[in-house]
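Accompanying notes for the structure given below.
The values are calculated or read from the model by the stated rules, or taken from the named source; none is laboratory data. As the structure is a computational prediction, the values presented were derived from the model and not from experiment. Note that each Cβ is placed from the backbone with ideal geometry, even for glycine, and that neighbours are counted across all protein chains shown. Quick note on the areas: whole protein, heavy atoms, side chains included, nothing else; ligands and nucleic acids left out. Shrake-Rupley method; radii C 1.70, N 1.55, O 1.52, S 1.80 Å.
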Amino acid sequence: MKKIFLVEDEQDLRDNIETLLQLRGFKVTSAGDGLEALKKLETYLPDLIISDIMMPYLDGYELFKRVKQNNKTKFIPFLFLTAKSDLSSIRQGMSLGVDDYITKPFVSEELINAINIRLQKSEIINDQIDEIKKSISAYVPHELRTPLVAILGYSQILLSDIDSLDKEEIKQMAERINYGGKRLYNRIEKFIQLTDLEIINTYPDDGSQPCCDVNEEEVKSVIIENLITRDRLGNIDIELEPAQIRMQERIFKIIIKELLENAVKFSEPYTPVTVKGKLEKNYFVLEILDRGIGMEKQEIASIGAFKQFNRQTLQKEGNGLGLFFVTKSVENAGGIFNIDSVKNKFTSVKIHLPTLKS
């Protein structure tokens with residue numbers, strides 16, 4: 001039985017909604033204002049929260065912010081229930097990241113449908129998290145062991161035979177140890193990105209809109225800082241219109257890094273990779289195009305965590321986390337993710353990201 005937490009200061013309405021939800025098979029706990037709700041949430045974890053906005057002591061907006069700041073409650077779906085139907089109130093609620101907005105008076109089926117939709121989405125997300133945890137358990141030993149073998153092997157040779165090695169041999173082994181260390185660091189960073197799901201939340205803890213300046217210099221800095229893409233800098237053409245997007249800067253940089261890594265790894269050396277960005281209405285449209293191995297339609301449709309395509313034949317480094325992270329980040333920012341590809345010809349990844357003024 002799913003647990004619903006109802007926060008509503010009007011006693012009669014609260015009783016009516018409780019009765020409606022109980023008749024539909026939900027277990028309901030209620031509070032009369034935001035402060036009472038916070039107190040109960042210290043020991044009670046519902047599957048979904050429904051809250052009025054205009055309440056004494058602590059309004060719905062502040063309640064939402066505090067719920068999202070608490071590690072125990074921040075992933076609970078949250079619906080606003082209010083008599084205010086003007087556009088400014090709706091925008092304010094949505095800008096905070098509220099899952100849905102139901103205006104009073106409402107039809108009972110409208111509320112029930114909104115609840116069921118949010119609960120279903122929450123279950124899907126929880127299933128994805130469980131799958132990621134299982135996948136991490138399976139992949140971590142292999143992904144960490146491979147670079148460690150090189151680090152330990154070459155360092156052991158240096159320790160035991162350094163007197164018999166010349167400078168060039170020592171340099172080559174040091175380079176392999178350095179490469180293995182960077183590869184290991186990269187793997188750990190990607191696992192952290194997936195396990196710390198807060199990194200792909202669109203809005204900071206204070207509820208304000210994030211802002212990221214997009215320009216050619218920012219993209220170049222990401223390329224130069226990355227071992228994989230830096231070696232292909234001369235083949236990467238960048239043409240971007242300056243823009244401000246509604247996304248944290250670190251998230252945008254990770255998106256650029258992951259997409260360019262894929263473009264470089266799955267295309268031949270010296271072939272061009274194109275990065276284009278332009279403003280279209282309320283979106284910044286970013287496209288990364290490579291002339292590499294391409295993807296089949298079924299491969300595009302099955303993009304997910306830890307799924308790397310053609311791994312048996314290509315043996316490329318990686319674990320498939322990159323594209324999964326990108327798709328989830330774009331989705332959480334209210335953007336659009338699309339891949340167009342022809343096998344053995346090209347792959348075009350295009351994402352639409354909301355601008356700050358949208």
**Request:** May I ask you to list pairs of residues, at least six apart or on different chains, whose Cβ atoms are under 6 Å apart, with the first in segment 178-201 being in a helix (DSSP H, G or I) and among the polar types (S, T, N, Q) and the second being open to solvent by less than 30 Å² (accessible area, probe 1.4 Å) and at pLDDT 75 or above?
**Result:** Gln193/Phe325
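Residues to consider are Thr271, Thr313; find the one that is among the hydroxyl-bearing types (Ser, Thr, Tyr), at pLDDT 80 or above and either over 20 Å from Ile351 (Cα atoms) or under 22 Å from the mean Cα position of the chain (by Cα) (or both). Give the derivation first.
Working: Thr313 fails: at pLDDT 80 or above.
Being among the hydroxyl-bearing types (Ser, Thr, Tyr), at pLDDT 80 or above and either over 20 Å from Ile351 (Cα atoms) or under 22 Å from the mean Cα position of the chain (by Cα) (or both) holds for just one of Thr271, Thr313, which is Thr271.
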**Asked** For segment 336-358, how many residues meet the condition of being under 15 Å from Glu280 (Cβ atoms), open to solvent by less than 20 Å² (accessible area, probe 1.4 Å) and out of contact with any Lys or Arg (no Cβ under 6 Å at 6 or more places or on another chain)?
**Response** 3
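Among what's in segment 1-39 and is under 17 Å from Lys65 (Cβ atoms) and either assigned to a helix (DSSP H, G or I) or among the charged types (D, E, K, R) (or both), pick the residue that is most open to solvent (accessible area, probe 1.4 Å).
Lys39
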**Message:** I'm trying to understand the selection: among the residues of segment 324-349, which are outside any strand (DSSP E or B) and in contact with a helix residue (DSSP H, G or I) (Cβ under 6 Å, 6 or more places away or on another chain)?
**Reply:** Phe325, Val326, Lys328, Ser329, Asn332
**Item:** Matching residues, segment 237-290, being open to solvent by 30 Å² or more (accessible area, probe 1.4 Å), without any contact (Cβ under 8 Å) to a residue 40 or more places away in the chain, in a strand (DSSP E or B) and over 22 Å from Pro210 (Cα atoms)
**Value:** Asp237, Ile238, Glu239, Lys276
**Complete:** Within segment 55-74, of all residues that are open to solvent by 60 Å² or more (accessible area, probe 1.4 Å) and free of Cβ contacts under 8 Å to residues at least 40 places away in the same chain, the one nearest to Lys3 (Cα to Cα) is Lys72
**Message:** Checking the condition touching a strand residue (DSSP E or B) at 6+ places or on another chain (Cβ under 7 Å), closer than 24 Å to Leu184 by Cα and hydrophobic (A, V, I, L, M, F, W, C), which residue from Ile245, Ile223, Ile236 passes?
**Reply:** Ile223
